[in-house]
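Before any comments, here is the structure.
Values in this text are rule-based calculations from the coordinates and carry no lab data. Because the structure is predicted, anything quoted here is derived from the model rather than measured. Because the Cβ atoms are built from the backbone with ideal geometry, glycine has one as well, and the counts that use them run over all protein chains shown.
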């Protein structure tokens with residue numbers, strides 16, 4: 001979180017992805033409860049939502065966020081976990097995180 005906030009503070013468009021099933025950063029940012037799948041990385045990985053749909057704004061300028069959930073732990077070894085996430089150019093186009 002500190003690195004992401006620092007980069008955003010310097011004016012760099014930054015996307016922080018919480019990939020920890022404990023979802024502590026998600027909870028710290030009040031971006032989810034760490035339990036629900038909707039609006040999280042798991043929803044994108046399982047095809048319930050697109051990656052662009054789970055990117056959230058934060059109270060910090062130039063910092064966007066993708067929340068986690070404890071359900072990430074249950075995906076261990078599943079084909080969805082091995083699925084490729086979009087290339088950075090696709091993320092930039094959908095979230096305004098360019099440059």
- Residue separation between residue 57 and residue 24 times 0.36 nm, minus their alpha-carbon distance, gives in nm 10.2 nm
- Message: Please rank 45, 75, 19, 1, fewest neighbouring Cβ atoms within 10 Å first, as an exposure proxy.
- Response: 19, 1, 75, 45
- One finds, for residue 7 and residue 33 with R0 = 35 angstrom and r their Cβ-Cβ distance, a FRET efficiency to the nearest 0.05 of 0.85
